[in-house]
Amino acid sequence: MRLTLAAALALMPIAAIAQDDPRLDAVAARQGYFKLLGANMGVLAGMAKGDLAYDEAQATQAGANIKALSLYHAPVHFAQGTSTDDLGDQTAARPEIWTDSAGFAEKFAGLAAAAAPLPEALAGGQDSLGPVVQSLGGACKACHDGYRAK
C-alpha cells in the first residue's frame, strides 16, 4: 500500500507537466476552431439536405460565421511537434502538414476561397444551399484527404 501511494505521489508531477504541454494547447485551439466550422457547416448542410427546416436568418448567420472563420489564420495552431507521429491519437493532424507545408497552405486557402461568396450565394435562398455546401465541403475534403488522419 505504501509503495503504491509513494509511486502515485512520485508520478503526480510528471502528470502535471504533461498537462501543461504547450503542444496540447495548440491542438486544443485548432480542434476548437474546426468544431466551430463543423457546427456552422452542419447548419447549412442540414438545411440543404432537408434535415433542418430552412431558416434564412440562421443560414445567413452560419454563412457569416464560416466566412469569418475562413479568414482566421488557423495554421498558426499547427506547431511543430503536434502531428499524429508526435502525439498519437490526441490529434488528427498528419505529418504531411509539415513536410508539405506549401500544399497544406494552398488547401487551407481553398476554404477562404470557397467561403468568400457566401453572403451573396446565401441571398439566393434555400435553392442556393446545395452548391454552397458542395463548394465548402469540397474545400474541406481537399485538405482532409491529405492532411487529416482518419
- Query: Asp85: over 13 Å from the mean Cα position of the chain (by Cα), more than 24 Å from Leu44 (Cα to Cα), surrounded by fewer than 14 Cβ atoms within 10 Å (Cβ to Cβ) and among the charged types (D, E, K, R), yes or no?
  - Reply: yes
- Note on the structure: Being over 25 Å from Asp21 (Cα atoms) and of a type in the set (A, V, I, L, M, F, W, C) narrows Ala139, Ala93 down to just Ala139
- Message: With the requirement that a residue be over 14 Å from Ile66 (Cβ atoms), exposed (fewer than 13 other Cβ atoms within 10 Å of the Cβ) and either in contact with an Asp or Glu (Cβ under 7 Å, 6 or more places away or on another chain) or not aliphatic (A, V, I, L, M) (or both), what does the range 98-119 give you?
- Response: Thr99, Ser101, Glu106
- Query: Quick one: which of Gln61, Gln90 is surrounded by fewer than 17 Cβ atoms within 10 Å (Cβ to Cβ), over 11 Å from the mean Cα position of the chain (by Cα) and either more than 15 Å from Ala121 (Cα to Cα) or in contact (Cβ under 8 Å) with a residue 40 or more places away in the chain (or both)?
  - Reply: Gln90
- Could you check how many residues of the range 93-150 are touching a residue at least 40 places away in the same chain (Cβ under 8 Å), among the hydrophobic types (A, V, I, L, M, F, W, C), within 20 Å of Val27 (Cα to Cα) and outside any loop (DSSP other than H, G, I, E, B)? 5
- Item | All positions within the range 93-150 that are of a type in the set (Val, Ile, Thr) and either within 17 Å of the chain's Cα centre (by Cα) or closer than 19 Å to Met41 by Cβ (or both) | Ile97, Val132, Val133
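Read-outs: derived from the displayed coordinates by stated rules, not from any lab. The structure presented is a predicted model; accordingly, all values stated were derived computationally and were not measured. Ideal geometry is used to build each Cβ from the backbone, glycine not excepted, and the neighbour counts take in all protein chains shown.
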